[in-house]
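Take a look at the structure below.
The values are calculated or read from the model by the stated rules, or taken from the named source; none is laboratory data. Bear in mind the structure is a predicted one, so any value in this text is a computation, not a measurement. Using ideal geometry, Cβ is built from the backbone for each residue, glycine included, and neighbour counts are taken over all protein chains shown. Ligands, DNA and RNA are stripped out before the accessible areas are found, and what is left, the full protein with its side chains, is counted by its heavy atoms. Shrake-Rupley method; radii C 1.70, N 1.55, O 1.52, S 1.80 Å.
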Amino acid sequence: MAGLLFGTSGTPHSAKTVSTMDGIKRIAELGLGVMEIEFVQGVRMGEAGARLVAETAASLGIKLTAHAPYFINLNAREPEKIRASQDRLLQTARIGSICGAESIVFHAAYYLSDPPDKAYDNTKKHLEEVIHQLKRENNRVWIRLEIMGKPSQFGTLEEVLNLSTELERVAPCIDFAHWHARSGAFNSYSEFASILQQVKERLGTTALDNMHIHVSGIAYGKKGEIKHLNLKESDFHYSELLKALKDYNANGLVICESPNLEEDALLLQETYNTC
Ligand SMILES: [Zn+2]
């Protein structure tokens with residue numbers, strides 16, 4: 001893939017209806033390149049619907065990804081909660097891959113009261129079981145571990161890069177807004193570049209060729225992320241991020257998670273094309 005494609009998390013506001021199909025059509029009309037299907041409240045799409053989605057996206061040249069349900073905790077205390085989390089991830093991967101999604105994104109876990117290394121080991125073990133199952137099913141979708149915005153959530157830059165190094169078919173979803181909110185830093189060209197440098201060093205240039213990125217404005221405090229904001233109402237230096245992505249020859253998909261969705265996705269695309 002050459003360069004970056006931009007799009008929205010879920011159906012754009014200006015689509016005819018909130019359906020995935022109308023979302024994909026609107027993405028094409030707007031001149032954007034990708035849509036992340038939001039299964040965040042549960043995977044409610046069937047196989048037949050997913051096949052239709054795949055056909056529509058392919059005919060319009062739109063790429064798709066999918067976001068798994070929020071109710072996932074691979075570090076849960078109760079075995080039944082782990083199993084339910086794994087099932088939600090598997091369902092997202094199965095329906096997502098019928099949709100033709102290249103990647104599925106998910107929020108892996110909460111630390112609860114565990115030290116980070118214990119949460120890491122639990123998450124790794126339970127994710128590995130999911131990866132093995134998908135391998136048995138010949139499902140080749142990328143499993144994208146998202147960098148999370150609150151210190152209570154598993155998913156620092158380092159944890160995400162480490163797990164991506166250790167597990168096959170696992171790759172990062174670099175949420176630059178989350179990392180900015182969580183760290184209170186990482187909002188300048190040199191800091192964005194340092195993240196890309198780490199991706200390159202830890203995962204190789206192939207990872208820079210296959211990026212999955214989330215961007216939005218963000219409000220944050222002592223406990224990290226408070227809520228997403230539109231870019232121009234936030235302090236996020238998105239032009240510097242886009243310049244760093246261009247200088248590092250990053251290729252892949254940029255999903256805009258601002259409340260105004262397509263407005264900021266178009267702003268990001270335009271800024272990228274002219275920087
Ligand atoms: Zn997410």
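In this Cβ point-charge picture (+1 for Lys and Arg, -1 for Asp and Glu), region 8-68 has a dipole of about 60 debye about its Cα centre. A viscosity of 1.002 mPa s and a temperature of 20 °C, combined with the Kirkwood radius over Cα pairs in Stokes-Einstein, give a translational diffusion coefficient for region 52-92 of 179 µm²/s. Three semi-axes describe the equivalent ellipsoid of region 77-213; taken as square roots of 5 times the Cα gyration tensor eigenvalues and ordered largest first, they are 24, 19, 12 Å. Net charge dipole, the chain: roughly 440 debye, given to the nearest 20, about the Cα centre with Cβ charges of +1 for Lys and Arg and -1 for Asp and Glu. Ranked by the mean number of other Cβ atoms within 10 Å of their residues, highest first, the peptides 105-111, 184-190 come out as 105-111, 184-190.
Its Cα centre serving as origin, region 127-271 has a Cβ charge dipole (Lys and Arg +1, Asp and Glu -1) of approximately 200 debye. As an equivalent ellipsoid, region 1-71 spans semi-axes of 18, 14, 13 angstrom, where each value is the square root of five times an eigenvalue of the C-alpha gyration tensor, largest first.
Accessible surface ranking for Trp142, Trp179, 1.4 angstrom probe, highest first: Trp142, Trp179. Using a Gaussian network model of the chain whose springs link C-alpha atoms within less than 10 Å, name the residue from Asp264, Asp117, Asp175 with the highest mean-square fluctuation. Evaluated over the chain, the most mobile residue of the options is Asp117.
Cross-link check: pairs Lys16/Lys223; Lys200/Lys243; Lys16/Lys246; Lys223/Lys246; Lys63/Lys246 evaluated at a Cα-Cα cut-off of 27 Å; pairs beyond the cut-off: Lys16/Lys223; Lys16/Lys246; Lys223/Lys246. The alpha carbon centroids of region 172-213 and region 234-270 are separated by 13 Å.
State the answer as a single residue: which of Ala193, Gly46, Pro69 lies farthest towards the positive end of the charge dipole of the chain, with beta carbon charges of +1 for Lys and Arg and -1 for Asp and Glu, about the Cα centre. Of the candidates, Gly46 comes out farthest on the positive side. Rolling a 1.4 Å probe over the protein heavy atoms gives the chain an accessible area of 43 Å² per residue. Computed with the Debye formula from one identical point scatterer per Cα of region 128-170, without solvent, the log10 of I(q)/I(0) at q = 0.28 Å⁻¹ comes to -0.96. Derived value for the chain: Kirkwood hydrodynamic radius 18.6 Å. Basis is the mean of 1/r over every pair of different alpha-carbon atoms. Sorting the Cα pairs of region 223-275 by distance into bins of 5 Å, from 0 upward, gives 4, 19, 28, 25, 15, 7, 2, 0 percent per bin. Among 129-137, 85-93, sorting by the average number of other beta carbon atoms lying within 10 angstrom of each residue, highest first, gives 85-93, 129-137.
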